[in-house]
Amino acid sequence: MKHSHKLAFALALLASPVVAQEQLSIATGGTGGVYYPMGGGLAEVINTYVDGYAATAEVTGASVENMGLIATGDADLAIGLADTVLQAQTGTGRFEGQQLEMIRGVAVMYSNMVQIVTLADSGITSLADLAGKRVSVGAPGSGTEVNAEAILSANGITYDDIDEQRLNFNETADALANGDIDAGFFSVGAPTSSILNLATTNAIRIIPLSEAEIAAARAADPVFASTVLPGGTYEGVAEDVALLGVPNVLVASSEMNEDTVYEITKAMFENIEDLRAVHPAANQTEISFTLSASPIPLHPGAIRYYEETGATIEDALRP
């Protein structure tokens, strides 16, 4: 290209309107968890299908920090565990005295599953069978222990009725393999490595919950969602298993533009296979799951998209 042509080309570029892309920050978690790849997948969907926006997944300290980032405007979207999201939005629990009322749901992405594991030859086939047994309820103060205690007590089983052990995931799996405990709770996304490893060396059973047990736990703690562990998730567990889950929720601020949230929600659900290709947890990302499991009111932009699909929005989900 001659000098004069180069100059004309450069001037033409300067004269043409440049469409500025609005930057969006998605607060996730650590690189080893599920939040980061899910956030990265969502960023790719936004970058590919939503005109005028460039999104980036940010590494964070996960749920609690993420709610603060939304409140301060340092993140536009964030993922958080349902109980943390609910506490932030209502100013309860660890957010006592600092209600972040502006937090709104966009979608429920997937559930941590409360998996109750025993060896196949233990004779334990139901929640009621745990009475009198040695049971790991999770590490002290962990989400697993909170979930285990809630599920047991809602169904008439107290720590007085079991020999409770407070072990982390790997310790629980080792204790099951060694015969030191009879069953153990794991509240985590599935599959998880500790159970996968246990299932390769031992025949295991995941204890299913009955409809009545699920209903009792949900009545005691509405953060729980009814979910299913697909058969084949773990070696030797061929059938689907009915479980309780704790949802992970994509949130935004009530101040975020309604059209923007609408476009993001629409792009995500209409291209959900792109997200599922990034992480299998997105197999649970469905409109029906959002509408049954969101612990907080939804953003008007998300509601607009869901209503367009023909979904019915309960009053409790309207801000």
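For the structure I just gave you, tell me whether Asn283 is assigned to a strand (DSSP E or B) and of a type in the set (S, T, N, Q). No: the conditions fail for Asn283. When residues in segment 254-268 are screened for being outside any loop (DSSP other than H, G, I, E, B), in contact (Cβ under 8 Å) with a residue 60 or more places away in the chain and of a type outside the set (Ser, Thr, Tyr), 5 of them pass.
Taking the condition at pLDDT below 95 and of a type in the set (A, V, I, L, M), does Ala225 pass? Here the answer is yes, as Ala225 does meet what is asked.
When you scan segment 92-102, do you find a residue that is within 18 Å of the chain's Cα centre (by Cα) and on the phi < 0 side of the Ramachandran plot, even just one? No, because not a single residue in segment 92-102 is within 18 Å of the chain's Cα centre (by Cα) and on the phi < 0 side of the Ramachandran plot.
If the condition is being modelled with pLDDT of 95 or more and of a type in the set (A, V, I, L, M, F, W, C), then segment 143-164 contributes Ile151, Leu152, Ala154, Ile157, Ile162.
Evaluation of Ala78 against the conditions (1) surrounded by fewer than 24 Cβ atoms within 10 Å (Cβ to Cβ); (2) at pLDDT 95 or above; (3) not acidic (Asp, Glu) shows that the sole unmet condition is (1). With respect to the stated conditions, Val241 is touching a Leu at 6+ places or on another chain (Cβ under 8 Å), crowded, with 21+ Cβ neighbours inside 10 Å, of a type in the set (A, V, I, L, M, F, W, C) and outside the structural domain of Thr84 (by TED's automatic domain parsing). Do you know which residues across segment 39-56 are small (Gly, Ala, Ser) and in contact with an Asp or Glu (Cβ under 9 Å, 6 or more places away or on another chain)? Within segment 39-56, Gly39, Gly41, Gly52, Ala54, Ala55 qualify.
Taking segment 295-316 as the range and being surrounded by 20 or more Cβ atoms within 10 Å (Cβ to Cβ) and either in contact with a Cys (Cβ under 7 Å, 6 or more places away or on another chain) or in a helix (DSSP H, G or I) (or both) as the test, the residues that pass are Gly301, Ala302, Ile303, Tyr305, Tyr306.
The values are calculated or read from the model by the stated rules, or taken from the named source; none is laboratory data. Keep in mind that what you see is a predicted model, and the values were worked out from it rather than measured. Using ideal geometry, Cβ is built from the backbone for each residue, glycine included, and neighbour counts are taken over all protein chains shown.
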